[in-house]
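The structure appears right after this line, and notes come after that.
The values are calculated or read from the model by the stated rules, or taken from the named source; none is laboratory data. Note that the structure is a prediction, hence the values are computed from the model and not measured. For neighbour counting, all protein chains shown are included, and Cβ atoms are generated from backbone atoms with ideal geometry for every residue, glycine included.
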Amino acid sequence: MSRIKKILIFFIIFLFPLFFLTITQEFYLINKFYFLAFGSLLLLLSLIPGLLSGETIVWQKKPLDMPIILFNLTTIISVIISSPNKVQALLNPNFGPVLIFSLTVMYFFLSRLTSDKPAVKTSPDHSRNILEASFIDNRSRLNLPSKSKIKEDIRAILNILFASSIIISLLTIVFFFNPLKNLSLSESFQFLKNSNFTPLGTPLNLVIYLGFFVVLTLNQLIQSAKKNQSPTTLEVLTFVLSFSALSCSLYNILKPNQNPFLLGIALPPYRLSWYAAVETFKNPLTGLFGVGVDNFSNIFTKVKDIAYNQSPYWQVRMMSLSHSSLLQILTEAGLFGLLAFILILVSFTNLIFYTGDAEKKLAENQTRFWLPIGIYLLLIFLFFPPGPVVFFLLFVFLALISLEYPTKENEMVAIDTSDNILSYATSIFIFIFASLSGYLLGRSYWAEFVYKKSLNAWKTNNLGELYNDQKEAIRLNPFLEKLHIDFSQTNLILANNVISKYTKPQKESTTSAQITDQEKQIIAQAIQASIAEAKAALSLNSGRAIYWENLANIYKSIIGLIQGAETWSISSYQRAIVADPINPTYFLGLGGLYYSLRQYDDAIRMFEQTVNLKPDWANAYYNLAWASYNKGDYVRAVNEMQNAIKLVDPKLAKDDYEKAKKELEEFKKKLPKNAISPTPSPAQNKELILPTPFPTSSKLPITLPKEASPEAK
């Protein structure tokens, strides 16, 4: 491999674990994804000089090539057939075709670090077809890399990886003691005050990464001891630092009162991840091709059970990752995706246990060295979610064992680049593909940057910049659902800013100004834009309940101002419930809407559903108590208020507790004299929030077109 290619591939594998930038909303995962994608395109472009050189290139066929290519194809097919939002699925940084393709390019270059050295210098009038040449009879013509050269390349790759892991380990150990916690840092660098900071993004990724190097270096140390050889200083240093950093990271994760959301380990229960995978087989199409990349959350909402509502993650509206990488592959890429991945596992197992007579001794060494790392990675894929770090470790491992595989002469293919037409056509194709892909990826990455700018504008309350940046981000990449959701809220804020001037209580208004026609138009346009953006997110993926809830809340915010808004809000809440029927928050939201509309029977019905789904939620009982009270069912109102009080800790939520107790006494005054109710006792802390009624009339006669309704396309 040419020196430039080697430098480039070494640069990628060294910097990938360390790479992060603060220019995007999420500093780590997104930037690693684009770093890897752009790096793979540069690697492809580096092929062009060799194709135009007029030399014969020898290509080694590896046993892992076809399984990896098949795995790529299954992700692409899954996107084409099943994914609702195909562009966002392609760009999914955890398990998307762009990520897998980029890692595949890295694998092909790493596994052939010494294989593309020119074999034969050819000329334009070369009459003999190189593919039919007797290169099998003359092994020296192929310039096959020697075993010593292969070992040298493997050592170089490992040293690069060790150097990167040493830096990660040192950062982990240093930040474990939180040395910057008392420093005054700008908003952009507040993350450096976090003792869990790691360039890998989350402590879970850090543990997986460090565990890989602990297993790798420990195995090397054991093998060196068996051979009575002294380990290298780099191996010893990597093991000591990786083990120390892993201990620090595990302590941070396992110490009491840690927030799993901040640690990146807020994952669905394993059993529900299994149910989601099994659910795909109820439909032959999804059974074969999966529900589509970037679509795990939709199937997860369908398989959740009531027991999930007792877990600490019940308020997470959207779980996008399975608890297991293998189950994620099966769920999103279907049976074909899982079989392709299993074929990779079987193929690298065959490589590890390779038993050719001539290489029997080598096979024994391979088994001792690579088997523990292979088992470790298999366990990671069984019990931990997918992500760029997990797949990076896997593909590097696959490249290393492929590089050590003893290539046979009949597994060599010679490519004659003296054929100008073929070489030029291939070079042009690679250039166009890399250029077009780079342009599209660049637009998407720039959209992430502009989106981050809009968030900064929100923090400084600069609504004008916020609006313009979000609009620009959508122009750059109209397929990112989060952009449409946020822009819908921004437009609603702009409308409410104008509306608030005319809906304040009279005592707060110093003038009796009337709304102008221009302001009516501004309000109408902003509300229409808010609804349109909310519906744009739904058009990209209508199966996500949180998008229906967003639309419902927009309609709810304009009830009393826009005719028919309450009907539209109810319809949207109902669609959210259909998409996520076990989530109590949607029932509470719809019940609150009915309550505000003074439709107490419907409100009670929704609050009852909420209580059934989550019987330990104080706010559900609180709302049910008030709905019963307003309906005139005072006995039930007292009982439900007592249930709410039982779930409120007077120490942690003193105001809520005292408020509920006071309201309970008022409720009891309405009871018949012979009614008896139990005495409440405290249990746990929950907020008590009651919906507020909507205005019965509007000072703002704004009308919206039919297109604003939730059912309109």
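Where residues in segment 1-57 are touching a Leu at 6+ places or on another chain (Cβ under 8 Å), part of a loop (DSSP other than H, G, I, E, B) and hydroxyl-bearing (Ser, Thr, Tyr), which of them is modelled with the lowest pLDDT?
This residue is SER46.
Please tell me if ILE421 is aliphatic (A, V, I, L, M), modelled with pLDDT under 90 and over 30 Å from ASN497 (Cα atoms). Spell out the reasoning first.
Details: aliphatic (A, V, I, L, M): yes; modelled with pLDDT under 90: yes; over 30 Å from ASN497 (Cα atoms): yes.
Against the criterion (aliphatic (A, V, I, L, M), modelled with pLDDT under 90 and over 30 Å from ASN497 (Cα atoms)), ILE421 qualifies.
Identify, by number, the condition in (1) surrounded by 12 or more Cβ atoms within 10 Å (Cβ to Cβ); (2) at pLDDT 85 or above that ALA675 doesn't meet.
The number of the failed condition is (2).
Take the residues in segment 424-437 that are modelled with pLDDT of 95 or more and buried (at least 17 other Cβ atoms within 10 Å of the Cβ), then tell me which one is farthest from VAL98 (Cα to Cα).
Going through the qualifying residues, I end up with ALA434.
Every residue, every condition in (1) modelled with pLDDT of 85 or more; (2) in a loop (DSSP other than H, G, I, E, B); (3) more than 26 Å from PHE11 (Cα to Cα); (4) aromatic (Phe, Trp, Tyr), yes or no:
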| site | (1), (2), (3), (4) |
| --- | --- |
| LEU131 | no, no, yes, no |
| PHE135 | no, yes, yes, yes |
| LYS149 | no, no, no, no |
| ASN159 | yes, no, no, no |
| ALA163 | yes, no, no, no |
| ILE166 | yes, no, no, no |
| PHE175 | yes, no, no, yes |
| PHE197 | yes, yes, no, yes |
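So which residues in segment 299-357 are without any contact (Cβ under 8 Å) to a residue 60 or more places away in the chain, within 20 Å of ALA545 (Cβ to Cβ) and within 19 Å of the chain's Cα centre (by Cα)?
Residues satisfying the conditions are ILE299, PHE300, TYR313, VAL316, MET319, THR331.
Which of (1) under 16 Å from ASN85 (Cβ atoms); (2) buried (at least 18 other Cβ atoms within 10 Å of the Cβ); (3) not charged (D, E, K, R) is the odd one out, the single condition ALA495 does not satisfy?
Evaluating ALA495 over (1) under 16 Å from ASN85 (Cβ atoms); (2) buried (at least 18 other Cβ atoms within 10 Å of the Cβ); (3) not charged (D, E, K, R) leaves (1) as the failure.
Tell me which of these SER184 doesn't satisfy, since it passes every other one: (1) more than 20 Å from VAL396 (Cβ to Cβ); (2) in contact (Cβ under 8 Å) with a residue 12 or more places away in the chain; (3) more than 22 Å from the chain's Cα centre (by Cα).
Condition not satisfied by SER184: (2).
Restricting segment 216-250 to residues that are in contact (Cβ under 8 Å) with a residue 12 or more places away in the chain and hydroxyl-bearing (Ser, Thr, Tyr), which is nearest to SER169 (Cα to Cα)?
Among residues in segment 216-250 that are in contact (Cβ under 8 Å) with a residue 12 or more places away in the chain and hydroxyl-bearing (Ser, Thr, Tyr), the one nearest to SER169 (Cα to Cα) is SER242.
Scan segment 582-602 residue by residue and report those that are in contact (Cβ under 8 Å) with a residue 12 or more places away in the chain and more than 25 Å from ILE499 (Cβ to Cβ).
Kept after step one, since they are in contact (Cβ under 8 Å) with a residue 12 or more places away in the chain, are these residues of segment 582-602: 582-598, 600-601.
Selection gives ILE582, ASN583, PRO584, THR585, TYR586, PHE587, LEU588, GLY591, TYR600, ASP601.
Rundown of residues vs (1) touching a residue at least 60 places away in the same chain (Cβ under 8 Å); (2) under 20 Å from SER427 (Cβ atoms), yes/no style:
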residue: ILE7; (1), (2): no, no
residue: PHE19; (1), (2): yes, no
residue: SER40; (1), (2): yes, yes
residue: LEU45; (1), (2): yes, yes
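Can you give me the number of residues within segment 317-352 that are small (Gly, Ala, Ser), part of a helix (DSSP H, G or I) and surrounded by fewer than 24 Cβ atoms within 10 Å (Cβ to Cβ)? Before you say what the answer is, go through the steps one by one.
To start, the set of residues in segment 317-352 that are small (Gly, Ala, Ser) comprises 320, 322, 324-325, 333-334, 337, 340, 347.
This time we only want the ones that are part of a helix (DSSP H, G or I), so: 325, 333-334, 337, 340, 347.
Filter once more, keeping what is surrounded by fewer than 24 Cβ atoms within 10 Å (Cβ to Cβ): 340, 347.
Number of matching residues: 2.
Please go through segment 520-551 and give me each residue that is of a type in the set (Val, Ile, Thr) and without any contact (Cβ under 8 Å) to a residue 60 or more places away in the chain, ordered by number. Explain how you work it out, then say what you get.
Keep residues of segment 520-551 that are of a type in the set (Val, Ile, Thr), which gives 522-523, 527, 531, 546.
Selection gives ILE522 alone.
For segment 553-565, enumerate the residues that are assigned to a helix (DSSP H, G or I) and either touching a Lys or Arg at 6+ places or on another chain (Cβ under 8 Å) or farther than 25 Å from TYR621 by Cβ (or both).
Step one: filter segment 553-565 for residues assigned to a helix (DSSP H, G or I), giving 553-557, 565.
Across segment 553-565, the qualifying residues are ILE554, TYR555, SER557, ALA565.
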